[in-house]
Amino acid sequence: DSGVTQTPKHLITATGQRVTLRCSPRSGDLSVYWYQQSLDQGLQFLIHYYNGEERAKGNILERFSAQQFPDLHSELNLSSLELGDSALYFCASNGAGEDTEAFFGQGTRLTVV
Amino acid sequence: GENVEQHPSTLSVQEGDSAVIKCTYSDSASNYFPWYKQELGKRPQLIIDIRSNVGEKKDQRIAVTLNKTAKHFSLHITETQPEDSAVYFCAASPAGTASKLTFGTGTRLQVTL
């Protein structure tokens with residue numbers, strides 16, 4: 001167990017809908033990273049938050065947004081869902097020393113039908 | 001942006017043999033190179049990483065080498081065991097952290113008895 005908790009584990013939804021994925025980082029970790037893993041695109045970095053502020057953006061679509069709350073948990077919002085958004089979404093976290101190992105959660109498997 | 005190529009895509013070795021996976025990257029600004037192991041249906045786990053100021057790093061049966069001039073880095077696993085069977089991903093980042101990681105396409109390693 002990495003200490004990073006993601007909910008829900010599985011999510012099935014229809015095209016055009018909006019979903020929210022939640023991540024609770026390890027206790028004390030200030031950074032949260034979101035990644036997408038799909039058969040087409042492989043593993044991709046989406047976005048990085050540090051202590052509530054956006055630090056870096058990767059290949060994140062405009063239909064997707066994220067935030068990190070004062071209690072350091074993070075949410076990834078996916079809207080106007082398309083079939084191609086079906087993927088495994090991971091979050092990871094690490095501490096104030098951002099050059100430390102990032103620990104991954106178990107992921108949320110999103111299926112868009 | 002960064003492009004990371006990984007070879008081979010599949011690798012089958014006999015137990016006790018060595019396995020080598022190679023990656024090349026394109027962005028000379030990349031300075032952090034982690035390797036992740038992902039077992040079927042599970043989260044990626046960091047197995048070793050190297051920074052651009054180091055040429056080689058070893059941790060028991062696992063080693064990573066980095067050639068900054070040629071922009072390539074390799075994972076070496078010695079005395080392979082069946083539990084080493086998994087998909088291995090290399091990655092590169094210019095941020096020195098798990099932020100802005102660009103991943104390779106993965107190598108499926110099968111260790112046979």
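When accessible surface is computed with a 1.4 Å probe, chains B and A are found to bury approximately 1500 Å² between them, both chains counted.
Only Cα pairs under 8 Å and 6+ residues apart enter the sum, and on that basis the relative contact order of chain A stands at 37 percent.
Peptide A:41-48 is shielded by partner chain Cβ atoms: per residue, an average of 5 of them sit within 10 Å of its Cβ.
Only protein heavy atoms count here; under a 1.4 Å probe, residue A:85 has an accessible surface of about 10 Å². Accessible surface ranking for A:99, B:84, 1.4 angstrom probe, highest first: A:99, B:84. Among the residues of segment B:90-107, those with an accessible-area drop of 10 Å² or more from chain alone to full protein complex, heavy atoms and 1.4 Å probe, are B:97, B:98, B:99, B:100, B:101, B:103. A simple count of charges around residue A:113, restricted to other residues whose Cβ falls under 12 Å of its Cβ and scoring Lys, Arg +1 and Asp, Glu -1, yields -2. Estimated at the nearest 10 Å², the accessible area of residue B:68 is 120 Å² with a 1.4 Å probe. Taking all protein chains as they are arranged and a probe of 1.4 Å, the heavy atoms of residue B:5 leave approximately 90 Å² accessible to solvent. Taken over chain B, lysine pairs spaced eight or more positions apart, or on distinct chains, with alpha carbons under 21 Å apart number 15. For the set A:48, A:10, the ranking by accessible area, highest first and with no ligand, DNA or RNA atoms included, is A:10, A:48 under a 1.4 Å probe. In terms of accessible area, using a 1.4 Å probe and ignoring ligands and nucleic acids, A:39, B:11, A:83 rank largest first as A:39, A:83, B:11.
Using unit Cβ charges (K, R positive; D, E negative) and no other charged atoms, how large, in debye to the nearest 20, is the dipole of the protein assembly as shown about its Cα centre? Numbers along the way, then the final one.
On the way: 20 positive and 25 negative charges, 34 e Å.
In debye, rounded to 20, the protein assembly as shown gives about 160.
Looking only at B:60, B:81, B:45, which one moves most when chain B is put into a Gaussian network model with springs between Cα atoms under 10 Å? Per the Cα network of chain B with a 10 Å cutoff, B:60 tops the list. Across peptide A:83-94, the average count of Cβ atoms from other chains found within 10 Å of a residue's Cβ is 1.
Per atom type, chain A shows carbon and sulfur on 45% of its accessible surface, probed at 1.4 Å.
The values are calculated or read from the model by the stated rules, or taken from the named source; none is laboratory data. Keep in mind the model is a prediction, meaning the values are calculated, not measured. Backbone-built Cβ (ideal geometry, glycine too); neighbour counts: all protein chains shown. Accessible surface areas use protein heavy atoms only, side chains included; no ligands, DNA or RNA. Shrake-Rupley method; radii C 1.70, N 1.55, O 1.52, S 1.80 Å.
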